[in-house]
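Only one structure is covered here, and it is reproduced in the block below.
The values are calculated or read from the model by the stated rules, or taken from the named source; none is laboratory data. Every value quoted in this text rests on a predicted model; they were computed, and no experiment measured them. Don't worry about glycine lacking a Cβ; one is built from the backbone with ideal geometry, like all the others, and counts go over all protein chains shown. All accessible areas refer to the heavy atoms of the entire protein, side chains included, with ligands and DNA or RNA removed. Shrake-Rupley method; radii C 1.70, N 1.55, O 1.52, S 1.80 Å.
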Amino acid sequence: MRILVISDSHGHPSIFMNIVRRYGKDCDALVFCGDGAGDVATLLLATQTDKELKECTPSVIAFVQGNGDPSSYPLDSEHSISIPESQILTVNNRNFMIVHGHREGVDFGLENLGFQMQLSDCKVAFYGHTHIAREDNLEGYKFVNPGSIARPRGGQPACFAIATVEKNFVDMAFIKIEQKGDGSDNFQIWNPIY
């Protein structure tokens, strides 16, 4: 199973949709770690009229509310989506915790998030908020921040991640986004240094 993990798009739906067009068809789920609820809504609406985008969009989408997101977001005049503060996604009999991270204080450490993972029987967490891509493996727990696709920090490029979930392990690949001279996006695998 493969999970496309994106965070902190901050109102850049075109980048979001370019990633989904390029990588979504090879992934079984899309996880969004917050701060860009409007971009998720734009993707969902676009799939109603764009057949190619719909075919590329994973059938499972899990997303959470960031500190810059409302608790619900309108899709049209009659429909809206509720945005939870956290979610647990089960893949290959593994529980994955999804949070934005501001409530767990990830700016100051991963202890609070680790405690929440223990309470929820999760060994892997996806989070955002810091805009810094990283993977930490601490005492049998994996903490993954895919970075930001629109506003990276810490000298990092805009990026996201893909998780490959096997029976006995979870492998992460980070992908940086570079703008070509013609304005299109170029994607390359890279290893974040932090």
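Pull out a ≥ b ≥ c, the square roots of the eigenvalues of the alpha-carbon gyration tensor of the chain, then state rounded if a/c is under 1.5, prolate if not and a/b is larger than b/c, and oblate in the remaining case. In terms of gyration-tensor shape, rounded.
In the assembled protein chains, residue 73 presents an accessible area of approximately 80 Å² (probe radius 1.4 Å).
Restricting to Cα pairs below 8 Å that are 6+ residues apart, what does the relative contact order work out to for segment 123-170? Please round to a whole percent.
Numbers: 78 pairs, mean separation 14.7, N = 48.
Relative contact order here is 31 percent.
Helix content alone sets the calculated 222 nm mean residue ellipticity of the chain: runs of n ≥ 4 DSSP H residues at -39500 (n - 2.57) each, divided across all residues, give -5000 deg cm²/dmol. Surface calculation, 1.4 Å probe, protein heavy atoms: residue 172 sits at approximately 20 Å² accessible. Placing unit charges on the Cβ atoms of the charged side chains and taking the dipole of segment 88-149 about its Cα centre, the candidate lying farthest along the positive direction among 108, 98, 137 is 98. In the context of the full set of protein chains, residues of the chain present 49 Å² of accessible surface per residue (probe radius 1.4 Å, heavy atoms only).
For segment 77-194, the relative contact order comes to 16 percent (Cα pairs under 8 Å, sequence separation of at least 6).
Inter-label distance, residue 136 to residue 26: 3.0 nm, where each label sits 7 Å from its Cα along the C-beta direction. For segment 92-176, count all C-alpha to C-alpha pairs, find those more than 23 Å apart, and express that count as a whole percent of the total. Of all Cα-Cα distances in segment 92-176, 18 percent exceed 23 Å. Counting only protein heavy atoms and a probe of 1.4 Å, the accessible surface of segment 40-175 is 45% carbon and sulfur.
Here segment 100-194 is assigned +1 on the Cβ of each Lys and Arg and -1 on the Cβ of each Asp and Glu. Its dipole about the Cα centre then comes out at about 160 debye. Extension gain for residue 111-residue 51 works out to 17.3 nm (0.36 nm per residue, less the C-alpha to C-alpha distance). Partners of residue 142 within straight-line reach, counting aspartates and glutamates whose Cα lies under 18 Å from its Cα and excluding those fewer than 8 residues away in the same chain: 104, 107, 111, 121, 166, 171.
Give me the one-decimal Kirkwood hydrodynamic radius in Å for segment 141-194, with the sum taken over alpha-carbon pairs.
Taking every pair of different Cα atoms in segment 141-194, averaging 1/r and inverting gives 12.3 Å.
Considering only 69, 182, 107, the Gaussian network model of the chain with Cα springs below 10 Å gives its largest mean-square fluctuation to 182.
Among the protein heavy atoms, those of residue 82 account for about 90 Å² of accessible surface (1.4 Å probe, every chain in place). Both numbers refer to the Cα atoms of segment 1-54; Rg and Dmax are 10.4, 29 Å. Ranking 79, 131, 10 from most to least accessible surface, computed with a 1.4 Å probe over the protein chains only, gives 79, 10, 131.
Would you please classify the overall shape of segment 1-111 from the alpha carbon gyration tensor, given that a ≥ b ≥ c denote the square roots of the eigenvalues, rounded means a/c under 1.5, and beyond that prolate means a/b larger than b/c while oblate covers the rest? In terms of gyration-tensor shape, oblate.
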